[in-house]
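Peer 1: Got a structure for you, questions after.
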Amino acid sequence: MRIHKDFFHYVIPSMLAFALSGIYAIADGFFVGNALGDNALAAINVAYPLTAFLQAVGTGIGMGGAIRYAISKGNQNDHLGQQYFGMSLLLLMFSGILLTGLFLWGAPSILHLFGASGKIQLLGEEYLLYISYGALFQVLGTGLVPFIRNMGGSVIAMVAMVTGFLTNIVLDYWFVWVLPWGMMGAAIATVIGQAMTFLVCVAFFAAKKQKPSFAFQAKRGFFIKHILGVALSPFGLTFSPNITLILVNKSAALFGGTMAVTCYASISYVSSVVILLLQGISDGSQPLVSLAYGEGNIPRAKAIRNFAYQFSVLISAICVAVLFAVRGHAAELFGASPQVTQEVAKILPIFLCGYLFISISRVTTAFFYAISENLQAYLLIYGEPLLLLLLLLILPQTIGILGTWLAIPISQIALSLLGLFMVWKDRQMAQVTPVMESHNN
């Protein structure tokens, strides 16, 4: 019972925060699509992976540092945890500044590579220009939330994300519909929303007197190695839906044209909410798993994982049932034309087939990186887009645009089964004792 109580204490706020984050992700598409039409909706969809990349970098570094922080706390090494906090903060700031320059320089070429052209290309460039100016806030806003969660502030972590979400919604309405600033307004609203999330995080650290330590004593490489070693997993887990988005947009443009790209825009917005909701479950359980692992309590870590499986599958099944029932109206929310709405109703059930399997693979992956089993996490995270790419090179060539749509659930099912096989094979887990981290501080 204690496990269940702790589980819901962490997971419910995380689920709510990530669910709203999913709505956050589609807010720009909703306002721009209804204001400017199908081309603007498609432009946001093509450009969004670059915005998501900023947030994935922040999540990866933040989660990597927060997991090492939690394991250090479990090992009763508080100072080491504060050092991980300090190095993570430096890495987040460096990444935000670096990505600002890279986006300003390379975004137009990347959009073209993703399949954008003509009006969609121009609208996407306008959106990304203003997103680039606020890249630092995007990285910091997403990167500090995992630390709050691992410091026991799961509710405040939710508040931080909800604050950003509400700010973005209000400003999207004002900047896109009232002023109207169009694509520029949507981008500015997103940046300010992330800045508000960052400010809530700073307020939490100040109130709780959680100070990072920058006294690395010539061991910077030690901290960078351990943070980035874990960070590749949550980064990939966060960004993998957008790798899917990039690959499928390109395939849809080649085999179905602008119509297919616009249809997938609506589907991807709906999918992002479900996937982020499931990520809320897996990431919400992570602090408990990492702490138990740090204490050497492997049975408790596995019990939390198993309960996360059950709960995640239940939530996924509910989402599938609801979306199937409303499939005929899903695209209307984004101002899509009747033709697009009708086509989305036909193909959405194909995507729903993969949701139950995503619920399993997300928990499996989060469990592996929560206990620093990075190789297994890497295989699951980066194996899915590689398999998807292979399927996209084969299926659309033989059965057309239907092959593009089928490639997604097939890759999700395959990686979920691989994850379960890896869990089943890992029979020696109960005998594993976590390595106690120590060095001269």
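The values are calculated or read from the model by the stated rules, or taken from the named source; none is laboratory data. Computed from a prediction, not measured in an experiment: that's the story for all the values here. Cβ placement follows ideal geometry from the backbone for every residue including glycine, while neighbour counts extend to all protein chains displayed. When the accessible area is computed, the model is the full protein with side chains, heavy atoms only, and any ligands, DNA or RNA have been set aside. Shrake-Rupley method; radii C 1.70, N 1.55, O 1.52, S 1.80 Å.
Peer 1: Helix 220-295: angle to the longest alpha-carbon principal axis of the chain, degrees 0 to 90, nearest 10?
Peer 2: The answer is roughly 10 degrees.
Peer 1: Next up: Using a/c under 1.5 as the rounded threshold, could you call segment 1-116 rounded, prolate or oblate? The axes a ≥ b ≥ c are square roots of the C-alpha gyration tensor eigenvalues, and prolate needs a/b larger than b/c, oblate otherwise.
Peer 2: oblate
Peer 1: By a straight-distance test (C-alpha under 17 Å), which lysines pair with LYS211 as possible cross-link partners, with residues fewer than eight away in the same chain excluded?
Peer 2: LYS73
Peer 1: To the nearest 10 degrees, how steep is helix 298-325 against the longest Cα principal axis of the chain, on a 0 to 90 scale?
Peer 2: It works out to around 20 degrees.
Peer 1: Please compute the per residue accessible area over the chain with all protein chains in place, 1.4 Å probe, rounded to a whole number of Å².
Peer 2: That works out to 39 Å² per residue.
Peer 1: Write down the Kirkwood hydrodynamic radius of segment 288-441, to one decimal in angstroms, obtained as one divided by the mean of 1/r over all alpha carbon pairs.
Peer 2: Taking every pair of different Cα atoms in segment 288-441, averaging 1/r and inverting gives 17.8 Å.
Peer 1: Report the residue, chosen from ALA116, ALA265, ALA345, that carries the largest GNM mean-square fluctuation when the chain is represented by alpha-carbon nodes joined by springs under 10 Å.
Peer 2: Highest fluctuation of the listed residues: ALA345.
Peer 1: Based on alpha-carbon centroids, what's the gap between segment 26-86 and segment 1-18 in Å, whole number please?
Peer 2: Measuring centre to centre over Cα atoms gives 20 Å.
Peer 1: What are the aspartates and glutamates whose alpha-carbon lies under 18 Å from the alpha-carbon of LYS5, with same-chain residues fewer than 8 places away excluded?
Peer 2: Partners found: ASP283.
Peer 1: Now a separate question. Measure off 7 Å from each Cα along the Cα-to-Cβ vector at LEU113 and ALA317, then give the distance between these two points in nanometres to one decimal.
Peer 2: Once both label points are built, they end up 4.3 nm from each other.
Peer 1: Does anyone have the angle between helix 38-74 and the longest principal axis of the chain? Alpha-carbon axes, 0 to 90°, nearest 10?
Peer 2: Helix 38-74 and the main axis of the chain meet at about 10 degrees.
Peer 1: Subtract the Cα-Cα distance of THR398 and ILE3 from 0.36 nm times their separation in residues, and report this length gain in nm to one decimal.
Peer 2: Fully extending the segment from THR398 to ILE3 adds 137.2 nm.
Peer 1: Could you check which residue among GLY256, GLY164, GLY124 shows the biggest mean-square fluctuation in a GNM of the chain with a 10 Å Cα cutoff?
Peer 2: GLY256
Peer 1: In Å, the Kirkwood hydrodynamic radius of segment 306-346 over pairs of distinct alpha carbons?
Peer 2: It is 11.5 Å.
Peer 1: Give the whole-number value, in cubic angstrom per residue, of the convex hull volume spanned by the C-alpha atoms of segment 32-78.
Peer 2: Looking at segment 32-78, the number lands at 74 Å³ per residue.
Peer 1: So what are the chain's ellipsoid semi-axes, whole angstrom, largest first, if each one is the square root of 5 times an eigenvalue of the alpha-carbon gyration tensor?
Peer 2: 35, 25, 19
Peer 1: If you roll a 1.4 Å probe over the chain with all protein chains in place, what percent of the accessible area is carbon or sulfur?
Peer 2: 70 percent
Peer 1: Modelling each spin label as a point 7 Å along the Cα-to-Cβ direction, I'd like the ASN306/LEU417 distance in nm, to one decimal.
Peer 2: According to this spin-label approximation, the distance is 2.4 nm.
Peer 1: Another question, if that's okay. What is the spin-label model distance, in nm, from TYR133 to LEU390 if the labels are put 7 Å beyond Cα along the C-beta direction?
Peer 2: 4.5 nm
Peer 1: How big, in percent, is the set of alpha carbon pairs in segment 218-264 lying more than 14 Å apart?
Peer 2: Looking at segment 218-264, the distances longer than 14 Å represent 63 percent of pairs.
Peer 1: On to the next question. Where a Cα-Cα gap under 15 Å defines reach, which aspartates and glutamates qualify for LYS346, not counting those fewer than 8 residues away within the same chain?
Peer 2: Filter leaves GLU332.
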